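Heads up, the thing below is written out as structure tokens.
Every number here is computed from the coordinates shown, using simple stated rules; none is lab data. Note that this is a predicted model, so its numbers are computed, not measured. Glycine gets a Cβ as well: all are built from the backbone with ideal geometry, and neighbour counts include every protein chain shown.
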Amino acid sequence: MTELSFAELTSQIQTHFADGTFSEGLSLASQYVTIYPTEFPLINYWRICFAAKMNETATAYKFLKTTLESGSWYSEFILRQSPSLKELQGEEEFERLLEISLKMQAADPTNQVPMVVLRAESACGPESDGCPTILFLHSNQDTAHSNIPHWQSLADQGWLVALPQSRNALWADSYVWINFESSAKEVVEHYARLIQEYSVDTERLLLAGFSKGAEVALGMALSGQIDVQGFILIGPGGPFMDDLTQWEPFIKQAKDEGLRGVILIGLGDVTIPQDNIRTLVKTLNENGIACDLKTFPDLGHVYPDKEVFEHFLQEALKYIQG
């Protein structure tokens, strides 16, 4: 068997769902359970859905039990809203397993931290001078906590780094920004809490994000839902990036307002529309929104190495601050 990358596997799984080749899809997913152990909840979710589509409910429940026994859980959102699981709703065994999953979610420490805040010791408190601040939005199917190592260096340098976590969970360690409107509302609420509990220098306030979080961050910066100096985006992706016409009202609103930003993309990242991103950068600059694009050869949909990323952050801050 020629081993597929996870992106290739995901694409083939989606094709099996679309084509109705459920048995083949289940077989393919099952081959990769041990190959990608960190993606176990997602792969097992595919297996649950394929089995349910084939009316093999006992097999679907077996896969669901396996996930719960591994210590992972699924949210009510994904178990209730998945079209593949429609016929299982209300069945005694499904409801029993769902209840177990929800109890596990409620007890998960990661689920109980709506926002991670990084700062230098004793800095940025309510009585302190305002700290330069970055609001960072994680990518989809990620957590705020997993991004701490990449942003800790800025906190050590005196920045207040706030990492809100979306309230929308798919499964353990997988939180997502559903759409721009609801995500922006949620981030505004997080920011309101932040300025109540910490001292923020609103003249040096930035929005940042990775992947879908980057798309939300850019939308919020352009629309002024939080008044920021600039933005830092890493591998931005999502529906707005796929359809650049959706940015038109946002760009019109931010035109010539002095907003500045930097976008980082890896040239090996096949998950984002790189040509669209280049076009967007050109359009932003043409409308008085200074934007610098930094490209990294061979980099995929991940952070650069630690030293490289920290250097990038310093250069990005210099660019944004003029």
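One table, with the values for the structure above:
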quantity	calculated
Backbone HN-Hα couplings from phi across the range 305-322 [Karplus 6.51/-1.76/1.60, Hz, Gly and Pro as x]	4, 3, 5, 5, 5, 5, 5, 4, 4, 5, 5, 5, 5, 4, 5, 5, 7, x
Extent along principal axes [Cα atoms of the range 6-107; Å; largest to smallest]	34, 28, 20
Overall form of the range 230-311 per C-alpha gyration tensor (a/c, 1.5; a/b vs b/c)	oblate
Whole-Å distance, taken between Cα centres, linking the range 217-282 and the range 53-132	30
Of the trypsin sites (Lys or Arg not before Pro) in the range 209-255, those whose Cβ has at most 16 other Cβ within 10 Å and which sit in DSSP loop	Lys255
Within-10-Å neighbourhood charge of Ala316 [Cβ basis; K, R +1; D, E -1]	+1
Percent antiparallel among DSSP beta bridges (both partners in the range 113-320, rounded to 5)	20
Counted charge near Gln12, where neighbours are those whose Cβ lies closer than 12 Å (Asp, Glu -1; Lys, Arg +1)	-3
Extension gain (nm, one decimal) between Arg193 and Gln31, 0.36 nm per residue minus Cα-Cα	53.8 nm
Local electrostatic count, Pro304, Cβ distance below 10 Å [Lys/Arg +1, Asp/Glu -1]	-1
Cross-link pairs Lys62/Lys103; Lys294/Lys318; Lys103/Lys212; Lys86/Lys212 - those with Cα-Cα distance over 23 Å	Lys103/Lys212; Lys86/Lys212
Binned Cα-Cα distance frequencies in the range 113-320 - 10 Å width, integer %	9, 38, 39, 13, 1
Listed residues Cys131, Thr295, Leu102: farthest to the positive end of the dipole of the chain (Cβ charges)	Leu102
Backbone HN-Hα couplings from phi across the range 85-92 [Karplus 6.51/-1.76/1.60, Hz, Gly and Pro as x]	9, 4, 6, 8, 4, x, 5, 4
Cα pair distances in the range 126-232, grouped into 10 Å bins until the bin that holds the longest one, percent each	15, 50, 31, 4
Contact order relative to length of the range 6-107, as percent, for alpha carbon pairs under 8 angstrom and 6 or more apart	21
For the chain, cysteines whose Cβ has no other cysteine Cβ within reach (under 4.7 Å)	Cys49, Cys291
Spatially proximal aspartates and glutamates relative to Lys185 (Cα-Cα < 15 Å; intrachain offsets below 8 disregarded)	Glu215, Asp227
Long-range HN-HN contacts of Leu137 with modeled amide H, under 5 Å	Ala208, Gly209, Phe210
Using θ = phi - 60° and Karplus 6.51 cos²θ - 1.76 cosθ + 1.60, couplings along the range 265-271 (whole Hz; Gly, Pro as x)	9, x, 5, x, 7, 8, 8
